[in-house]
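Written out below as structure tokens is the structure these notes cover.
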Amino acid sequence: MGTYYTEGPILSAENLGVKYGDKEIIKNINFQELDVLRPGRVQGQIIAFVGRSGRGKSTLFRCMAGLQQPNEGRVLIPDLKQEPVAGKGYPLKEVQEGDVGFVDQKYTLFRHKTIEQALHFAMRKEPLSDEEKEAKINQYLIDWGLEEVRNQYPNELSGGQRQRTAILEQVLHSALYIIMDEPFSGLDVGNVQSVQNAFQLISQTHELNTIIFSTHDIDMAVNLADSIYVIGYPTLEDGNLEPIGTIVKHYDLKAEGLAWKDQMSQDHYDLVEGIKAVMMGS
Ligand SMILES: Nc1ncnc2c1ncn2[C@@H]1O[C@H](COP(=O)(O)OP(=O)(O)O)[C@@H](O)[C@H]1O
Ligand SMILES: [Mg+2]
């Protein structure tokens, strides 16, 4: 079993609620993810959100990325511009657009930039010299299997290459974490593998090691994530569901000894069935 310890919060939501018009879509969303450290290794955190369609996952993700202002509550992230406090990490601030990476389902890329140009653009605000940026980009292109296509445009790339470029852009652009809304939907088996590999690569980098994603594939969530939230409709006292999305269950796979395994065990499959049952009832 992997030993680990935790430091200050890397992401939290406080009493988050969103309405469209008068209609409440999500409410009372509260959670806190702490920075997880494992002695002797760079441990990327992977956090999954699952739940039936329409429960508010994408709405929550837009709030977590600072792309949408909630009607109630707030999303807090570490303020890297301030000095960290011993044992508590960085002071917190409300998330704003651009603070964290966000990859949409369509893997949108700049049409008129080559991969290399797009990556340079993603790094334009980094306080590094041109040589340092160049070296970093070169290494990433090799690690991510994009070296040979560095001078090509998006329309000259395969689906898998486009996805990796879109994710890499966000990795280079963002210092905290990367949010991906359903990164696996609509992909063929090979591309799913390529995005899964990208997850592993990201979690081994120092600069950015937390991935937050949503999926309909519960096996995938249990396989990849160390923390899983189920977004669903809560059950009212009369037994009916209240049609407003919230966190109905949280699974900490680290605490259960199920995180960071190379292979799925019976305990993992039991968890998959448990999560599906919770989803179906919410
Ligand atoms: N811009 C919007 N205006 C009005 N209703 C919306 C808007 N975006 C989403 N919704 C509604 O909010 C609910 C949650 O949607 P969404 O966050 O996309 O859920 P999920 O990602 O879990 O499928 C759905 O009922 C959807 O129709
Ligand atoms: Mg969605």
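For the pair residue 12 and residue 126, label points projected 7 Å from Cα toward Cβ lie 3.1 nm apart.
Available extension along the chain between residue 139 and residue 37 is 34.2 nm, counting 0.36 nm per residue and deducting the alpha carbon span. Compute the helix-to-body angle for 130-143: its Cα long axis versus the longest principal axis of the chain, expressed 0 to 90° and rounded to tens. Rounded to the nearest ten degrees, it is 70.
Could you work out the longest stretch of the chain that avoids the trypsin sites (Lys or Arg not before Pro) located in DSSP loops with at most 11 other Cβ atoms within 10 Å?
Counting only loop sites that pass the neighbour cut-off, the longest clear stretch is 126-282.
Taking only Cα atoms of the range 1-68, what ratio of Rg to Rh do you get with Rh as the Kirkwood inverse-distance radius? List each step's numbers first, then the result.
Details: Rg = 15.2 Å, Rh = 14.1 Å.
Answer for the range 1-68: 1.08.
Taking N as the number of residues in the chain, what is its alpha-carbon radius of gyration divided by 2.2 N^0.38 Å?
Details: Rg = 19.1 Å, N = 282, 2.2 N^0.38 = 18.8 Å.
It is 1.01.
Mind ranking 246, 6 by accessible surface for me, highest first, 1.4 Å probe?
On the way: 246 15, 6 70 Å².
Sorted descending by solvent-accessible area, the residues read 6, 246.
Between residue 240 and residue 273, the simple spin-label model (points 7 angstrom out along Cα→Cβ) gives 3.3 nm.
At a 1.4 Å probe radius, which order do 280, 123 fall into by accessible area, largest first? Provide the component values of the computation, followed by the final result.
Working: 280 130, 123 0 Å².
From most exposed to least exposed: 280, 123.
The GluC sites (Glu not before Pro) of the range 2-104 that meet both conditions, a loop assignment by DSSP and at most 15 other Cβ atoms within 10 Å of the site Cβ, are 97.
Between the Cα long axis of helix 189-203 and the first principal axis of the chain there is an angle of about 80°, rounded to the nearest 10.
Which of rounded, prolate or oblate describes the range 131-282 when judged by the alpha-carbon gyration tensor and an a/c cut-off of 1.5? It comes out prolate by the Cα gyration axes.
Could you please tell me the mean projected area of the C-alpha convex hull for the range 48-206, averaged over all directions and given in square nanometres to one decimal?
Numbers: hull surface 44.4 nm².
Its Cα hull, projected and averaged over all orientations, spans 11.1 nm².
Along the Cα-to-Cβ line of residue 216, 7 Å from the Cα, sits a label point; which residues in the range 183-197 have backbone N less than 14 Å from it? Under cut-off, by backbone N: 183-188.
Ignoring any ligand, DNA or RNA, what whole percent of the accessible area of the range 153-194 comes from carbon and sulfur when the probe is 1.4 angstrom? Let's see the in-between values first.
Values: 710 of 1540 Å².
Ligands and nucleic acids excluded, carbon and sulfur give 46 percent.
The C-alpha atoms of the chain define a longest principal axis, and helix 266-280 lies at about 70 degrees to it. To the nearest 10, the accessible area of residue 37 is 50 Å² with a 1.4 Å probe.
Computed on the chain, with alpha-carbon pairs under 8 angstrom and 6+ residues apart, the relative contact order is 23 percent.
According to the square roots a ≥ b ≥ c of the eigenvalues of the Cα gyration tensor, what is the shape class of the range 74-139, taking rounded for a/c under 1.5, prolate for a/b larger than b/c otherwise, and oblate for the remainder?
Numbers: a/c = 3.28, a/b = 1.54, b/c = 2.13.
In terms of gyration-tensor shape, oblate.
Contact order, relative form, for the range 54-137: 22 percent (alpha carbon pairs under 8 Å, 6 or more residues apart, mean separation divided by residue count). Does the range 106-175 classify as rounded, prolate or oblate by the C-alpha gyration tensor (a ≥ b ≥ c root eigenvalues; a/c under 1.5 gives rounded; else a/b over b/c gives prolate, otherwise oblate)? Cα axes put the range 106-175 in the prolate bin. Would you work out the relative contact order for the range 2-125, in percent, from Cα pairs under 8 angstrom that are 6 or more residues apart? It comes to 25 percent, rounded to a whole number. All Cα-Cα distances of the range 13-120, cut into 10 Å bins from zero to the largest, leave 11, 34, 33, 20, 3, 0 percent in each bin in turn.
The values are calculated or read from the model by the stated rules, or taken from the named source; none is laboratory data. Just so we're clear, the structure is a prediction, and the values are computed from it rather than from any experiment. As a convention, Cβ positions derive from the backbone with ideal geometry for all residues, glycine included, and neighbour counts pool all protein chains shown. Keep in mind that these areas ignore ligands, DNA and RNA; they rest on the heavy atoms of the full protein, side chains included. Shrake-Rupley method; radii C 1.70, N 1.55, O 1.52, S 1.80 Å.
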